[in-house]
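Since the structure comes first, as structure tokens, the remarks are kept for the end.
The values are calculated or read from the model by the stated rules, or taken from the named source; none is laboratory data. Computed from a predicted model, the values in this text were never measured in an experiment. All Cβ positions, glycine included, derive from the backbone under ideal geometry; neighbour counts span all protein chains shown.
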Amino acid sequence: MNINGNPIIFEINVVAYVRDIRTGWVVYSLINIENSTVVHLGFCRVTQLFTFPDFKGSVDQPLMVKTYGVFENKGLADRHTRQKANELGLTKMIQARNINSTHGQIRCVDTGEIFSTIAEVSRSHGVDAGALSKHLNKQPGFKTVKNKIYERVQHIPTPPPPTRVIWK
């Protein structure tokens with residue numbers, strides 16, 4: 001493989017334990033080598049770095065991969081990505097995203113309230129976020145959180161009002 005007749009050269013320096021690399025999250029950018037502009041800033045599992053799972057741009061342009069760090073969890077990687085976007089002046093590139101969005105919303109079965117994030121439930125009901133996460137993941141010993149039951153629900157858009165048909 002080559003770019004414009006030049007071989008592809010990888011140079012990535014990460015100092016970490018192998019166990020951290022296997023389970024860690026990496027913050028990275030893709031830089032267009034023709035004009036040195038950042039075309040993507042994101043994060044993914046270290047093991048998925050060269051698959052670019054969150055990149056939606058053109059794959060027909062020569063790009064350089066730059067890494068900014070390895071983090072122990074998705075939340076820290078997301079936070080560092082946002083900080084890096086601010087440093088680089090790329091805040092428009094980072095879409096507002098909820099790191100819990102793949103799991104749907106959270107509903108308190110007892111009260112019927114619906115929340116967007118674990119943090120929101122934690123603030124509103126005064127529950128420990130870690131205990132709530134374990135409860136939602138159905139870990140043993142976490143059947144309730146402060147005597148309440150919560151569940152994940154997929155966001156279902158409200159259907160439009162029924163169309164009124166008038167016969168002439």
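Looking only at segment 82-116, count every residue that is among the polar types (S, T, N, Q), under 30 Å from L30 (Cβ atoms) and modelled with pLDDT under 85 and tell me the total.
7
If I filter segment 28-53 down to residues being loosely packed, with under 15 Cβ neighbours inside 10 Å and within 20 Å of V70 (Cα to Cα), which single residue comes out as nearest to the chain's Cα centre (by Cα)?
My answer is P53.
Starting from residues that are among the small types (G, A, S) and modelled with pLDDT under 85, keep the ones in segment 25-74 and report whichever is farthest from G89 (Cα to Cα).
This residue is S58.
Could you check C44 against (1) out of contact with any Pro (no Cβ under 6 Å at 6 or more places or on another chain); (2) outside any loop (DSSP other than H, G, I, E, B); (3) under 18 Å from H80 (Cα atoms) and say which number it fails?
Among (1) out of contact with any Pro (no Cβ under 6 Å at 6 or more places or on another chain); (2) outside any loop (DSSP other than H, G, I, E, B); (3) under 18 Å from H80 (Cα atoms), C44 violates only (1).
So, in segment 109-133, how many residues would count as being touching a Lys or Arg at 6+ places or on another chain (Cβ under 6 Å) and either more than 14 Å from I149 (Cα to Cα) or outside any loop (DSSP other than H, G, I, E, B) (or both)?
Number satisfying all stated conditions: 1.
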